[in-house]
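Structure record follows, encoded as structure tokens.
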Amino acid sequence: MDRPGLADFLRHARTRLDPSDVGLPPGARRRTPGLRREEVASLAGMSADYYTRLEQSRGPRPSRQMLTALARGLRLTADERDHLFHLAGEEPPRREATGTHVGPGLLLVLDRLDDTPALVTTDCGEVLAQNALSRALSGDLLARPPRERNLVRRFFLDPAAQRPCPPEDRPLRAREHVANLRAVAAARPADPVPTALVAELMAGSEEFATLWAEHEVAVRRAATKRFLHPAVGLLELDCEVLVNTATHQQLVIHTARPGTESSERLQLLRVVGLQDMTPSRT
């Protein structure tokens, strides 16, 4: 591990970012350019003390999960992310057909969508990034263990994940998930990611297996979805999906039609802020 090199790289990556680049308000006038250490730490989901020690060349060797979080928080390109891994003495993640590294340009768009829920997923349903209002609507999915960040897996294997979906909407939502996953798996038969997900769901969910046998195929596109939120109630939102075919990533944006009750509730959600949507594990 190259501690001095890692510290220098982190400092330079931090100072080149403005608060607006990561969706933060400018705040009071800053004496030095770039983000503060505590802001980077917050974006990466780590303590400010831990991040400070990394920048001071005295921190422990960061885990691969922590390096991935730092790359996302600092808006690194794929090449810069690989360099970060090398400095930490780790082999960079393999650049698979289904990319899990979200580019800084897409993250910039996501951060600036501050009045509507938006998130980045793979076409298999893996959540890669969320803005603040998406976390307020659906919970902080990136705070969960990696295996619990897939929307399709959670829908069929975690009963608590279906709570935000009105009961009468669940059959249609289930069909949409299965039809999209079938399209993805058929388009990339050599990709182990959708193949493994299908096998896991076939073994773990009778509902999924039944729907899979019906052989419905439909790529995920624009739709209207309803969400039950514990603080603001029922929201009916239009869902737009923007696809990056090179990385198989999707920018999913939920908007409320102006003048509707859902629009008022979405504005209220911005005030209410992030709610703890994680079910109790007692």
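Can you compute the FRET efficiency between ARG11 and ALA246 using 1/(1 + (r/R0)^6), with r the Cβ-Cβ distance and R0 = 41 Å? Round to the nearest 0.05.
FRET efficiency, ARG11 to ALA246: 0.85.
Return the carbon/sulfur percentage of the accessible area of region 172-265, one whole number, probe 1.4 Å, all protein chains in place.
That fraction is 57 percent.
Give me the distance between the Cα centres of region 153-167 and region 211-267, rounded to whole Å.
Result: 15 Å between the Cα centres.
For ALA186, what is the net charge nearby, where nearby means another residue's Cβ is under 15 Å from its Cβ and Lys, Arg count +1, Asp, Glu -1?
So the surrounding residues net to -1.
Would you calculate, for the chain, the mean residue ellipticity at 222 nm contributed by helices, counting each DSSP H stretch of 4 or more residues as -39,500 (n - 2.57) and dividing by all residues, to the nearest 500?
Taking each H run of at least 4 residues, the total per residue is -13000 deg cm²/dmol.
If you add up the charges near ALA48, with Lys and Arg at +1 and Asp and Glu at -1, over every other residue whose beta carbon is less than 14 angstrom from its beta carbon, what do you get?
Once all neighbours under 14 Å are counted, the net charge is 0.
Per residue, what volume in Å³ does the Cα convex hull of the chain take up?
147 Å³
Can you list residues whose amide H is under 5 Å from GLN249's amide H, if they're 5+ apart or on another chain and H is modeled 1.01 Å from N?
Sorted by chain and number, the residues that satisfy this are ASN244.
Give the accessible surface of the chain per residue, rounded to a whole number of Å², with probe radius 1.4 Å and ligands, DNA and RNA excluded.
51 Å²
Sort 205-215, 131-141 by packing, meaning the average of other beta carbons within 10 Å per residue, with the highest value first.
Taking the mean over residues of other Cβ atoms within 10 Å, the ranking is 131-141, 205-215.
For region 28-153, what does the equivalent ellipsoid look like in terms of its semi-axes, each the square root of 5 times an eigenvalue of the Cα gyration tensor, given largest first in whole Å?
23, 20, 14
If we count every other residue with Cβ under 11 angstrom of LEU110's Cβ, Lys/Arg +1 and Asp/Glu -1, where does the sum land?
Details: positive: ARG72, ARG75, ARG112; negative: ASP111, ASP114.
Counting the neighbours of LEU110, the net charge comes to +1.
The values are calculated or read from the model by the stated rules, or taken from the named source; none is laboratory data. Computed from a predicted structure; not experimentally measured. So basically every Cβ, Gly included, is an ideal-geometry build from the backbone, and we count neighbours across all protein chains shown. The protein model used for the area step is the full one, side chains on, heavy atoms only, and it has no ligands, DNA or RNA in it. Shrake-Rupley method; radii C 1.70, N 1.55, O 1.52, S 1.80 Å.
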